[in-house]
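Reading through the structure tokens given below for one structure.
The numbers here are math on the coordinates, done by the rules we state, and not lab data. Bear in mind that the values here come from a model prediction, so they are computed numbers and not experimental data. Ideal geometry is used to build each Cβ from the backbone, glycine not excepted, and the neighbour counts take in all protein chains shown.
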Amino acid sequence: MKQLAPRLLAAPGGRLFALAAALACVGLRTHYAGPGAPLQVGSYFARHVGWLLLGGALAVGLSRVRLAALLRAAPALFVASLAALGLALAQRPVGAVHRWLHLAWLHAQPLELARLALVLLLGACVTHRRRAAALGLAVSATALLCALALAQPHLGGALLLVSCAVAALLASPSPGWLRATLSGGVALLGTLAATFSLHGYQRARLARFLDGADWQARQVALAFAAGGLGGRGGAAWSSRGAAWVPEHRTDYALAAWGFQAGLLGTLAWLALWALLAREAGTIVRRASTPEARVVAAGALALVLVPAALNACMVLGLVPAVGVPMPLLSFGGTQTVVCLGALGILAGVQRESAALEAARARAS
Amino acid sequence: MLAPPAAPSPLTALGFGLSALLAGRLAQLHLRPARAFAWERQQLRVESLSPERGPIVDREGRRLAWSVPSVDLAVRSSVLRRDPSLRGALLRALRLDAAQAALFEARCERAARASRDRPHVLWTDLSETQREALAREVSPRGVYSLPGSTARRYAAGARHTSALGFATPCRECSGSAGAAPDSRALLARSGLEIERDALLAGSWGERVVEVSPTGAVLGERSRREAAPGATLRTSLDLAVMERVEQTLDAAHLEEGAAVVVDLETHGLLAVSTRPWLSPERYARGFTESQWRAVLEDPSRPLQDRAFRDARHPGRALAPFVLLATGAENLPATVSCDGAFELGARIFRCGHAHGSLDLASSLAQGCNARLYDAAARAGEERLAAGLARWGFGEATGLSPSEASGALRPRGAGHRRPGHALNLALGHGVVTATPVQLAAAWAGLSHRMPTRTFLVPDPEELPCPRAAPPDLDAALLETIVSALERTPAALRFDPSWHAAALQGVGESPWYPLASLERLRTEYGWGVSFASQGGRGYAVVVRVDQGRDTANRATDLARAIYANLFAHAGTSLENAP
């Protein structure tokens, strides 16, 4: 038994999964302390546990699937994502936005799935014989998805799509000037589109942020200050703190953790993310094939960029963009997709290690 | 030999930089004292605690008006806009009549157009049946039943609010000391409710609560309870009021008024005015068209005929005219040949009654006696004498009552004929049914008395309004003559009754509906006693023909109902 833990950690993807599990435990602790009975069927905590279990199973499954098989399935997955996005736009809006797809018992955000599909599609394009056409197709696919995201409207989602595309293109084996041009072009187009498609409420939110008059940011700062060095625990959060922080289960879940665990807790949580980023970066660097590198870079961006963006938003460094914190915020689709991306990263690590071992044996 | 350390890649440097930035920002936020945030101090809210409005009870302690907690129906604007079928479902569940349904539709329309997506109150004071139907038939998200409001209930379906006035839920007014609007508060609108508001309303309480930025109450810092309003005891009698209403209902009186005064205490026992507009309609509200229809209704339902509608009393004023002229102006006999000449003008009498003494002329309704007395006394003396019996002055029973008119003309405009008109209860004098009832109650007591609605514990049961420096012999003669008038003779012989009836014509309403011009109204004024119980009853009939006789018949029916059930409780009455 004593040997089991080191062996699991030494296995491909072991450390990645361990770090993800630790971050997921932070999320579970945060939601367990929220208002309401956590162990009741249908509670936020119970549902979050369910999504984590589902995402964990998907991650383990994807880590066992060969990357080539995933890349073959990428076009179909992309088309399915487009169809889901179109269907969501055609459905009745919820709160004046079309982010949700309602199909019987299933309520999901198709844009999250589209990000994963885009990453895999970009990986498939890299290995295509007609690389130039494939890269053009990749850029077009990104632009199409961005347009659909802005039509929802979901500015944060569009930015995350652009970040995934830029990361993947930067990791592609194309010449340096081409990579720089493509990624720069995508980033520029995405930024311009996002800027010109800003709605009135988004402009107002930006103005409030620049004026330092953002009510949400002030409430979140108050929650962090109330947490202090060692935190005030879950009971205080449940009884008093939760009422102070807006959207404390989703976008501002980090403030909930800051109130409960204090500076020590949030620094520990930050350290876990830093370790996970380092581990994922190592996987990208050691990827054995170009397509594996592209997919791994895209998956890394899929997990890390929303985390960084959400942390900056909660800490008042950027305006509110409506991006939840992976593995901490409550939310089914984004939790499952994030864990799926980690599973793909683990699969890339496993294949790279196997290839390296084969090369070592051959030499 | 050690290899030199590899330079970090740009992405690694970016990662380190971002981590350092986030860690620094976290430290900055966490280590800042919470009290440094100025807005934390603003999270205390002062809430007003509305007191329970005190009940109004009758002289036996039965409730006439009381407050009850109620439940309102509220729906979000977005829900109304999204689901067009919701209005129909709500209407079916509420089971409203046509007028209420129109009001409900108007509110739905206004709520659906509202820019703010918040719960809009569509219907107030839901009954138990309505609540059950709503829960059973309509349960979409965004439809709320809001408890916490207060409704005012009135005995007998608010038929007696002429005397009581009424109070409605206060939805847009402020509480005491500029507190926030409170749907639990009741706003007094008229009558006793507004006159004795300070007593009934009680005093507001206050609590200081700590609230979250979203308005949720987190805790209570301090609390001062509200003091409920006191109970207001009145001279009214619910049983008498019910019997008066029964009698008027049986006679199908649609326009008119009736007032009953207790001869023992001179307290006001019952007041009825028809048509009447239920105060529940004020509580619910009106659509624009409904309110216009109320204003344009020719029967004028907004007019309180008992307290506010002063009209010429006609011959109902005769005993007070004769008392005002004094015995020296009343010769033993006056000859009536059907007309009375005053200078060049001729004033008519109904018949040529011949030579009549005072009692006979009063009993036979001879105008010549009144003309003669008025011509001798003059308008000024008549007006002064009538004022002693309370004419031209509000009785003080209701804050919104009319004082009637008693305006002798100035010396430059005075003509002898004016006094003769006044003697017949026309010209410069008008009176409300309540004023006449008070005066006739005083007549039964042989002196002017003050009728009351709220007993004053420090005063005598029968308070005087003026010193009794009256000609007692003359008064006795007049009262005994009133007991032999044709109106009094229509009453039951076993009653000790005095009665008179008068006729007037409604004033000229050039802008009102033309068919109502110069219509007749009749008075039946009387007092009667039997078996130790006595009442003064004044009835005015404002519709139809032969109004004076109908008014006397109604007064007789009211006496019969009251005497027949004397000492019987309302529940045991047949």
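Computed quantities for the displayed model
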| read-out | value |
| --- | --- |
| Alpha carbon Rg of region B:74-142, scaled by the compact-globule rule 2.2 N^0.38 Å | 1.02 |
| Kirkwood Rh and Cα Rg combined as Rg/Rh, region A:206-351 | 1.04 |
| Alpha carbon convex hull of region B:278-363, volume per residue in cubic angstrom | 169 Å³ |
| Rg/Rh (Cα only; Kirkwood hydrodynamic radius) as it applies to region B:190-326 | 1.16 |
| Net charge of neighbours whose Cβ lies under 14 Å from the Cβ of A:PRO326, counting Lys and Arg as +1 and Asp and Glu as -1 | -1 |
| A:MET325, B:MET241 arranged by Cβ crowding within 10 Å, fewest neighbours leading | B:MET241, A:MET325 |
| Distance between region B:251-269 and region B:302-363 - C-alpha centres, whole angstrom | 25 Å |
| Neighbour-count order for A:LEU82, A:LEU4, B:LEU164, fewest beta carbons within 10 angstrom listed first | A:LEU4, A:LEU82, B:LEU164 |
| Options B:GLY326, B:ALA384, B:GLY427, ranked by Cα towards positive dipole end of region B:311-437, top entry (Cβ charges) | B:GLY427 |
| Intensity falloff of region A:112-221 expressed as log10 I(q)/I(0), Debye formula with alpha-carbon point scatterers, at q = 0.10, 0.22 Å⁻¹ | -0.35, -1.11 |
| Cα-based Rg / Dmax (Å) for the protein assembly as shown | 44.7, 155 |
| B:SER70 long-range amide H proximity, modeled H, under 5 Å | B:GLY148, B:SER149, B:THR150, B:ALA151 |
| Cleavage-rule hits, trypsin sites (Lys or Arg not before Pro), region A:1-66, DSSP coil, Cβ neighbours within 10 Å at most 11 | A:LYS2, A:ARG66 |
| Sparse-neighbourhood loop sites, trypsin sites (Lys or Arg not before Pro) in region B:81-116 - DSSP loop, at most 16 other Cβ within 10 angstrom | B:ARG95, B:ARG116 |
| Contact order normalised by residue count of chain A, Cα under 8 Å, 6+ apart, percent | 27 percent |
| Relative contact order, percent, region B:196-328 [alpha-carbon distance under 8 Å, six or more residues apart] | 16 percent |
| Whole-angstrom gap from region A:327-358 to region A:168-225, using each part's C-alpha centre | 25 Å |
| Neighbourhood charge, 13 Å Cβ-Cβ cut-off, centred on A:ALA84 and excluding it, Lys, Arg +1 and Asp, Glu -1 | +1 |
| Sequence-distant residues sharing a close amide H with B:VAL57 (under 5 Å, placed H) | B:LEU64, B:LEU232, B:ARG233, B:THR234 |
| For region A:168-288: rounded, prolate or oblate by the Cα gyration tensor [a/c cutoff 1.5] | oblate |
| Nonlocal amide H pairs with B:LEU218, under 5 Å, H built at 1.01 Å | B:GLU210, B:VAL211, B:SER212 |
| Alpha-carbon Debye profile of region A:17-93, log10 I(q)/I(0) at 0.16, 0.21, 0.25 Å⁻¹ | -0.87, -0.95, -1.02 |
| Compactness of region A:238-301, expressed as Rg and Dmax over alpha-carbon positions, Å | 17.0, 53 |
| Theoretical FRET efficiency, 1/(1+(r/R0)^6), r = Cβ-Cβ of A:THR282 and A:THR191, R0 25 Å, to 0.05 | 0.25 |
| Positive-end residue, chain A charge dipole about Cα centroid, Cβ charges, pick of A:GLY61, A:GLN40, A:THR195 | A:GLY61 |
| Whole-Hz ³J(HN,Hα) from phi, Karplus 6.51 cos²θ - 1.76 cosθ + 1.60, for region B:122-135, glycine and proline x | 9, 8, 10, 6, 5, 7, 4, 4, 5, 5, 5, 5, 5, 5 |
| Value of [θ]222 nm, deg cm²/dmol, for the protein assembly as shown, DSSP H segments ≥ 4, -39500 (n - 2.57) each, nearest 500 | -16000 deg cm²/dmol |
| Total formal charge among the other residues, if their Cβ is under 13 angstrom from that of A:LEU300, Lys/Arg +1 and Asp/Glu -1 | +4 |
| Shape metrics for chain A, restricted to C-alpha atoms - Rg then Dmax, Å | 20.5, 64 |
| Kirkwood-type radius of region B:225-275, with distances r between different C-alpha atoms, in Å | 12.6 Å |
| Calculated from backbone phi, Karplus (6.51, -1.76, 1.60) coupling profile of region A:243-258 in Hz, x at Gly/Pro | 6, 8, 9, x, 6, 6, 8, 10, 5, 10, 5, 5, 5, 5, 5, x |
